[in-house]
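Here the structure is laid out as C-alpha cells; the discussion comes afterwards.
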Amino acid sequence: MRVSVDVGGTFTDVIVLDEDSGDIQLDKVATTPANPAEGVLQGFDKVGAQTGEIEYFVHGTTLGINAMLTRSGAKVAFVTTRGFRDIYVLGRTDREPMYDFKYKKPKSLVPRSLCFEVTGRLNYKGQVLTPFDADQAREVAQRIVDQGVESVAVCFLHSYANPAHELAFEKVFQEVAPQISVTLSHRLSRVYREYERSSTTVIDAYIKPITRTYLTRLNSELVDGGFNGNFLMTRSGGGAMTLDTAREEPAHLVLSGPAGGVIGGAFLGKLIDLPNMITVDMGGTSLDASLIAEGEPTVENEQVFQTLPISIPTIDIHTIGAGGGSIAWVDEGGHLQVGPQSAGADPGPACYSKGGQQATFTDAALQIGFLNPDNFLGGEIDIDPALAEAAIDRLAQQLGMGLQDVAAGIVSILEAKMAGAVRVISVERGYHPRDFALCAFGGGGAFVAANISRELGVPLAIIPPGPGNFSALGMLMVDVVHDYARTHITGLVDMDPAQANQVYTELAAQGQAALASDGFGADQQQYLPSAEMRYRGQEHTVNIPLPGVTLSTDDIPLITERFHAAHLQQYGHSMMQDPIEIVTLRLRAVGLLPRPDLARAESGSGDLAAASRGSRMVFDRASGSEIEYQVYDRMKLGAGDSLSGPAIVEEPSSTTMVHTGDTLTVGEYGELQIRIAQRGDNG
Amino acid sequence: MVLDPFTLTIIQEQLQAAADESFVRLGRASKSPIIYEVLDYACALLTPQAELIAEAQGVPGFTGVLPVAVESILEKFGAGGMREGDIFATNDPYSGGGTHLSDVCLVGPVIVDGELVAFAANKGHWTELGGMAPGSWTTDATEIYQEGLQLPAVRVYDAGEPVQDIIDLLAANVRLPDMTLSDLYAGVAAIRVAEARIAAICERHGVDALRASIDTLLQQGELVARTALAKLPKGSWEAQDFMDDDGFSDEKIPVRVRITVTDEEFIADFSGSSPQRPGPVNGTWARLQSSARVMFKSVTAPDYPNNGGCFRPVKVICPPGTIFTAQRPAPVSTYWEAGAAAIDLLWQALWPIASERLSAGHFLSICGTNLSGTFDNGELFVLTEPQAGGWGAAPARDGQNGLVAQGNGETRNIPVEVCESRYPLLVEQYALDITAHGAGRWRGGRGMVRDYRLTGPAGHITTTYGRHRIAPWGADGGQPGSSNSASVIRAGSTQAEVRRGKLARYPLCRGDLVRIITGSGGGRGNPLERPPDALREDLRAGLVTPQQAMEDYGLRFDPETLELLEIMPERREFARQVNLEF
C-alpha cells in the first residue's frame, strides 16, 4: 500500500493506493496548524489506512514556505568571509518599487547583529589567498552559542570552487557546539553568486529546526502506529527524498506541496500518451502553472520565493494571486479588477455566510449560474446565493453596469489573468501551447480549464480523477532524486574532457553513495548529466542534457547542436558563429521506485440519462442572454462516455465546465478529456 | 467603436505583458553586464502618435523618455516612410535619445495589414560606443564628439533585413564590437517579440479593439493623475541647491526649481539654474522632463503602471542652454548628475507638502564607476557599475542601508564572485560604512565601502560621484548624511593618493586599490529624541558606534554589555525642555 499526504494551508489531502488492485481512496481533513502531524494521522484514520501495511509513505508540506512567509523560523546566525559581513543582509541592493521613495526592504531572515566574519580567502579558482583562521572561527562559534542561536548558515566566498574553509568551520563549530545544526553553502549549491548561495543556505538553516522537529515527531508517531515502510518527502526540484535527506537539506522542501501536482501531471501524461502537458492548479488564493515537456517537468536552477532567492533546481512553477477567493474591486481609473487579494478560506467568498462582504470569483461564478449552491465540497459548505448577489450588486452600482454583466466580467477577467500565467511558462519560454494539453486540478482548475485553453490555443484539456486531491496523487508517483552541480567554466570547443569527467566522477561518487544509503541497488540507479551553457559573454544560461557522464571530444558537435537549438527555442535566436561556454556541470542521480498502476475506469453505458442532473440557465456575456447547460454527475460517467457543451459536470470537490462547441470524452483512467473548440471554429 | 469594458481590460493586460516580455527577452540575449545585471534599459509600446502605451523598465531614469525618441523618428521618416520590419536607431542626446550616447534607442513600427498600429521601442545602456574613454563616458570630455559614435536616427533594419553598412560602421567605431553588436541584436529581438504579441492581439480582437483599448488606457492614466493632483495642496514651493562641480573647476553649480500646483497642472520651473558647463555633467530636455515625471509619480500614484495619460498634468519649464537643457555640442556623458540634481531639487521643494511619501536626503548620485584595463594576455576589460548607498530616514522609520540611488530601480550590484571570475580584480571588502553621520530621531541608512584590487597589469578608474562636496540633507532636525568618494591607494601603501568625487581615467598599476565609499542618508527629527532601546539595537547591530551614541544622541553605553551608563547633559537639558522621558 502507498499513502500520500499533502498538507496545505487549509486542507490536508490524503490518498491511499492499493498496489494490487490499483484502487485509490481519497479524502480531505482540516489542516491542524499547531501540530500538522495530528492532521496527517486523522487523515489516515478517515481513509482507513492501516499504518502497518504502508510500504511507501510520500509526504508534501508547505511547512517550510509558511515559516518563511510568516518569518517564524529559527534564530539563525550567518557566517561569511572577513570583509563581507553584510553580503546577506544587503542582498542585491535593488529597489523594485522604483517610484517609492520611502521603500523598505523586506525583513531579512537574519539580523545584522547575527552576521559574523572569519578570516580566510579563496580566489575564483579555489586557490587559497589567505589561510583559514581556526582560532578566530572558534571565537565566532562561541559568540554564536552565547547569542542563543538555533541554527547556523555558512557561506564563504568561492566555496563553490573549494569547500575547504566551510568544512574547516564546521569542524571547529562542532567542537564548540555539537548540538546546533550547521548548513554549509557548498552542500546545497556549488554555483557562484554569493548572495543567492547565502540566501539558499540561510533558508535551509532557517527552516531546519522546525522541519526536523516536525518530521521526527511525525515519524515517531507513525512508527508507534506500526509503520515500517519508506518515508519519502516530495522535493521542489521534482522527485522525492528520504526522511534523512529531508532532515539534512530542508531547502529542497520549499515547493514540496505544489511539486506533487506537476509530478502527477507528468505521470498521467505518460499514462495517456500526452507527454507535453501544461498543469494548472487553482486553489482558493492562488494559481500555480507549470509545464511538462516530453514527459519531464521543466526545472529552473534559480528561483525567488517571497523576495528570497534560492539557487537549487526547482520545478518552474509560476504562481499568481488568482483563485476562487480572489476579490473583485474598482480601481482608481474606475475599472473593474479581480485579485490578487483573496478572501481566503476565512471569511471566504461572500456566499460562504462567514462575514465576507466583498465579491469574489466564486460569488460571480455562482451568480451567473456556473456553480451549484448545493455542491460546494459535496454540500459540506452552506451557501447563501443572496449574499453573493448583494456583494456583486454593490460593484455593479459603483460601475453603473448590470449585475449579470459585472458577474460575467469578473469571471472573464480572472480567466484572462490565468491565461496570462500560463503564457508566462509556455509562450515566454519558447513553447507553443497548441503542442500541449492542459491538465487542470485543484478546487477550481476544472472550472476554468476550457476557457484558459481556448484563450491560448490549447486543443485539449484534461481533468484528472479526483482533481481536488491531485497533488497528493502525484506524490505517489515519485522516484528518489539527488541533484549535484559544480561551477566549471570552460570554452566548449577547447574543453578538456578529462577535467569535466573528473568533476563527473566526483559528482557520481556522491550520487552513488547517497542512493546506496537510501537503499537502492545498482540496477535501480539512473544518472542524468546536463550542463548549463551560454554564448561567451552572456550571463544567462541554457541547461543542455549531455550524452553521458564520460565525455569525449567526439561529443562536442552534438552538444553544440543541442545548445544552438535550445537557445533558439528559449530565446528566439541563436548565434551560430559565437563561441560557447560551459558554466555549470549538473548531475541528477535518480533512485527508481516501482511504478504503481492506476485502476482503469469502468466503461460507461453510453446512455447519459443516468448521469443527468437536469439543466441550469447560465448567463452568457457575449450574447447578453441565458444559455441552457446540461448538468451531469461525474461519478456516474464511465470510460468512453461522451457529451457536448454547453454542459456542466459536477463531482464533490470540483465543477467542470464544457462550453458551447466543446466536447467531452471520459478517458480510460476516468480522466475527462475536453476537446476545445478553437476560436473561429464555433461561437 | 464600443467594446465591453472587460475586453479592454484584458487587452491592456496583454499590452503590459508584451512590454514585460520584451524586457525579459532583451536582458537574456544581451552580453553586457550593465544590461543583464544592472538592468540599465527600458522597453515600451507607443501609439502611432508616439504616446506611451506601456513600459517595462529597470530604472526610473528612463521613465517616459522613449516617446521623445519615437517622435524624432516620426519627424525624420514620417509614418509613410516606414515598412514592416524596419528598425531605427537614435542616440542623439539633444533630441531623440535624450540622455547620453551610450543609451541607444531602437524603434520598430508595428504594421498590421499595412497599417501602422503601434511602435515597439527600447533603450539600453550599451557598454561600448567608442569615443575618448573605454565605456564611452568620462568626466573630462568638453564636447560630444569625444563621447562616442552618434546615431542621428538611422535605419538599422530595412524591411526585416539588417543594413550591413550601418552595422559595419558601428563595429568599426567601438572597442568591444562583439558586445556592442550583441546589445543591438538583443534590442532587435525585444522589438520582434513585441511586434508578434501586438499582431496576435489584433488577430484575436481586431485592430479597432486594440485602438479603443489604448485610448481608454490613456484616459484612465490621465484620470488617475488628475485625481491624485486634486489631492495635493495648491500653491508654489521652491528649492535651491548646488551640484558639486563640473569636473574642471571647483566651482559649485547653482540649481533651482519652483513647483506650482494648480487644479489643472503640476508645473516645475527650473529657470534661474546655472548655464550649461564645459564638463559633461550637463543634462538635456528629455531627462529633465523625466525627472519631473518621476517625482510627480512618487508623490501621487507610484504603483500605477505608466502610460502617456499619467503625465498629462506635468509641465516642465526651463530655457535652453542651462545645465538641465544643454545644447549641442555640450558634453553630456554623465548627464545623470544633472538628472539627479533635478530630482533632488523637486524632492526638497515637495517636502513641505509630501514628506509623508518621501525619505530625507539620500546619497543621490548613481555613483557611476568605470574600471577598465587589460588582462595579462592584453585583452581589454571594462567594468561599468552604479553603486548602492545610504537612504534618508523615511516617515517614522530609519533609512535603508545600501540601496541603489533614485535614478536606479531594479538595479542589482555585480556579485563579488562574478566580478572576480570575469575581471582581473579582487574585491577585498564589501560592507556597510559606519560613519558618524545621519543621526536623527530616525537615523539615515548606511552607505557602502567596496574595495577593488587590480590584479591585472594596468588599468584606469573613472568615477562620477555627485554629493561629494555637499552631503545628503537631513530633515526636521535630523543631521546630514556623509559624502560619496572614490580613492586610490597604491600597492604597498595604506594612504590614499587621491580621494575625489570625479576621476577621469586615473591610471592604476597592478596591486593598486580603489576604495569606493558611498554616503549615509540624512536623519529625520532630533537625534536626542531617539529612544535608548533603539540605540541599543543599533549598537548591537554595529550600525552606530558607542562614540556616536554619546556625541550625537547623548547616551553613553557600555560597549560590551550595552548597559546605559550615562545620559549626557545635552540630552537631559533637551528632555527637560520638551518634557520628554529619556
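Per-structure values
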read-out: Gyration tensor verdict on the range A:313-390 (Cα atoms; rounded if a/c is under 1.5, prolate if a/b is larger than b/c, oblate otherwise); value: oblate
read-out: Spacing of the two label points (7 Å from each Cα toward its C-beta) at A:Ala516 and A:Thr663, in nm; value: 5.7 nm
read-out: Peptide-level mean, for A:77-89, of C-beta atoms on other protein chains within 10 Å; value: 3
read-out: Global form of the range B:274-424, assessed from the alpha-carbon gyration tensor, a/c cut-off 1.5; value: oblate
read-out: Phi-based couplings in Hz for the range B:271-285 (Karplus 6.51, -1.76, 1.60; Gly and Pro marked x); value: 4, x, 6, 3, x, 4, 10, x, x, x, 7, 5, x, 10, 4
read-out: Relative exposure of A:Ile317, B:Ile470, A:Ile278, judged by other C-beta atoms within 10 Å (fewest first); value: B:Ile470, A:Ile317, A:Ile278
read-out: Residues B:Ala200 and B:Asp165, FRET efficiency given R0 of 30 Å [Cβ-Cβ distance, rounded to 0.05]; value: 0.35
read-out: Percent of beta bridges antiparallel (DSSP, chain A, rounded to nearest 5); value: 70 percent
read-out: FRET E, pair B:Ala496, A:Leu558, Förster distance 45 Å, beta-carbon r, rounded to 0.05; value: 0.25
read-out: 5 angstrom amide H check on B:Phe381, placed H, neighbours 5+ away; value: B:Gly373, B:Thr374, B:Phe375
read-out: Crossing angle, helix B:5-29 versus chain B [Cα axis fit, 0-90 degrees, rounded to tens]; value: 70 degrees
read-out: Mean-position separation - Cα centroids, the range B:326-352 and the range A:491-509, in angstrom; value: 53 Å
read-out: Computed over chain A: relative contact order in percent, which uses C-alpha pairs under 8 Å that are six or more apart; value: 11 percent
read-out: Cross-link reach list, lysines versus B:Lys315, counting only Cα pairs under 22 Å and skipping chain neighbours closer than eight places; value: B:Lys231, B:Lys234, B:Lys297
read-out: Semi-axis lengths (Å, descending) of the ellipsoid that matches the C-alpha gyration tensor of the range B:359-525; value: 31, 15, 12
read-out: Sequence ranges B:93-106, A:54-67, ranked by mean other-Cβ count within 10 angstrom, highest first; value: B:93-106, A:54-67
read-out: Estimated distance in nm for a label pair at B:Glu75 and A:Asn219, the labels positioned 7 Å out from Cα along Cα-to-Cβ; value: 7.2 nm
read-out: Ranking of B:Asp208, A:Asp94, B:Asp476, B:Asp538 by count of other Cβ atoms within 10 Å, fewest first; value: B:Asp208, B:Asp476, A:Asp94, B:Asp538
read-out: Point-charge dipole on Cβ atoms (K/R +1, D/E -1) for chain B, about Cα centre, debye to 20; value: 900 debye
read-out: Cα gyration tensor of chain A - equivalent ellipsoid semi-axes, whole Å, descending; value: 44, 28, 27
read-out: nm² value of the averaged projected area, convex hull over the Cα atoms of the range B:528-578; value: 3.1 nm²
read-out: Phi to ³J(HN,Hα) by Karplus 6.51 cos²θ - 1.76 cosθ + 1.60 over the range A:486-492, Hz, x for Gly, Pro; value: 8, 5, 8, 8, 7, x, 6
read-out: Angle in degrees between helix A:164-176 and the longest Cα principal axis of chain A, rounded to the nearest 10; value: 90 degrees
read-out: Residues with amide H under 5 Å from that of B:Ile53, placed H, sequence gap 5 or more; value: B:Leu45, B:Leu46, B:Thr47, B:Gly308
read-out: B:Tyr145, A:Tyr571, A:Tyr632 arranged by Cβ crowding within 10 Å, fewest neighbours leading; value: B:Tyr145, A:Tyr571, A:Tyr632
read-out: Structure-based [θ]222 nm, the protein assembly as shown - -39500 (n - 2.57) summed over DSSP H runs of at least 4, per residue, nearest 500; value: -9500 deg cm²/dmol
read-out: Bridge type composition, chain B - antiparallel percent by DSSP, nearest 5; value: 95 percent
read-out: Shielding by other protein chains, B:493-500, mean Cβ within 10 Å; value: 0
read-out: Projected-area mean, the protein assembly as shown, by convex hull of Cα positions, square nanometres; value: 47.6 nm²
read-out: With Cα atoms, 0 to 90° folded angle of helix B:177-205 axis to chain B main axis; value: 60 degrees
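A short reminder: the numbers here are calculations on the coordinates, not readings from a lab. These numbers come from a predicted model, not from an experiment. Every residue, glycine as well, gets a Cβ built from its backbone with ideal geometry; the counts of neighbours run over all protein chains shown.
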